Each structure stands twice: as C-alpha cells, then as structure tokens.
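This report concerns only the one structure given below.
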Amino acid sequence: RGHEEKWGSPNNGNFMRAIELIAEFDPFLHEHLEKCKNEKVNATYLSKPVYEEWIEIMGKHVQDEIVNQINNLDTKYYSIIVDSMSDLTHVDQLVIVVRYCYNGKPCERFLTFLPIENHSSTTLFNKIQQVLSEHKLSLENIRGQSYDNASNMKGSEKGLHR
C-alpha cells in the first residue's frame, strides 16, 4: 500500500497504480477514473474492501478452474510441489503447487499458500491434506511429490515423502 489513496497521485500503492496503468488502455475504466478524480463520486467501486473482494473472487475462480482441469476425466493424476517461506511479516507460509497434464500439455499451477505454525511432518501433512480435501483433490491420485530440502519433508521414516 502507498502513502496516499487518491486517483492520480504518484504516492499510490501498487494496486491503484496498476488500475491506473490498465485505464490507459481501457477507455471505459479511464473514463470512470477521470470521474472519480474530477467529481464527487459517491460510489467508485474501487475502494479497498471492494477490490480485495474482487481479488478474492478472481483467485477463487482461478483455483476452481485448476481443480476442474485436474478432475477432468482425461487428467485425474497430478503431482504436488510443496515449499515454505516467510512472508513480509515473518510468518511461515506453506506454498502448494500442482503439476498435471491437461489436453496433452504439462501444466504447473500455484494452488495456494497458507500460514503454518511449525514444520513438523504431521503439521505439514495435515495442512496439505486439508487443502487437497477443500479443493476436492484426491490423495490417491497424487503420482509425484516434491519438497524442499528440509529433512522433515523428505525423510523416509517420519517425513512427508512416504
């Protein structure tokens, strides 16, 4: 987020700057932003809660499309790629990517990231199982697993890769 939230300000955050960039190529959006800048518009539909909801809806739509492609009768099998990293607030995030073939072409898609409390293999397995279950992806259809070099992920006895 930037220091200011006024259309046309050079101090806007990334999202508002991106909308302004898109408006340079979209006459309808350009006209709407001009009205927002120059007139007292009561409803811009570009406020923080609205655009966060849009982003959430679009993200859900993309996830649903990925899951639909995997659950396609011709696809069915997939692999998972799992890693963890810290975000800007130093919270560990588990990153889950799926890899599958769709219409004869390999696809590798980011599915989700979610905060994790610790790196134990039980916690990681439960989180992965929860995400796959929420997206109606069967554990039985996983044909490959890839993890980072953490010993708790790759161990043959207590790790995730069993």
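The values are calculated or read from the model by the stated rules, or taken from the named source; none is laboratory data. All values derive from a computational prediction rather than experimental measurement. Every residue, glycine as well, gets a Cβ built from its backbone with ideal geometry; the counts of neighbours run over all protein chains shown.
General observations
- Criterion violated by E34 - all others in (1) surrounded by 11 or more Cβ atoms within 10 Å (Cβ to Cβ); (2) under 30 Å from V131 (Cβ atoms) satisfied: (2)
Results for (1) within 24 Å of Y147 (Cβ to Cβ); (2) charged (D, E, K, R), shown as yes or no for each residue.
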residue: A18; (1), (2): no, no
residue: H30; (1), (2): no, no
residue: K48; (1), (2): no, yes
residue: D87; (1), (2): yes, yes
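- Residues in segment 79-118 that are under 23 Å from V62 (Cα atoms), free of Cβ contacts under 8 Å to residues at least 40 places away in the same chain and acidic (D, E): D87, E108.
- Within segment 119-148, residues that are touching a residue at least 60 places away in the same chain (Cβ under 8 Å) and assigned by TED's automatic domain parsing to the domain that holds D83 have Cβ atoms under 7 Å from residues that are charged (D, E, K, R) and assigned to a loop (DSSP other than H, G, I, E, B) in these pairs: N141/K76, counting only partners at least 6 apart in sequence or on another chain.
- Hits in segment 117-131 (condition: under 16 Å from S86 (Cβ atoms) and of a type in the set (A, V, I, L, M)): L124
- Test: residue in segment 89-97 that is assigned to a strand (DSSP E or B), among the hydroxyl-bearing types (S, T, Y), farther than 18 Å from Q130 by Cα and out of contact with any His (no Cβ under 9 Å at 6 or more places or on another chain): no
- Of the residues making up segment 94-109, at least one is over 20 Å from the mean Cα position of the chain (by Cα), among the small types (G, A, S), assigned by TED's automatic domain parsing to the domain that holds V131 and under 23 Å from L137 (Cα atoms).
- Checking the stated criteria, E65 turns out not to satisfy the condition of being in contact with a Lys or Arg (Cβ under 8 Å, 6 or more places away or on another chain) and in the same structural domain as Q145 (by TED's automatic domain parsing).
- The residues in segment 126-162 that are at pLDDT 85 or above, crowded, with 16+ Cβ neighbours inside 10 Å and not in a strand (DSSP E or B) can be counted, and the count is 6.
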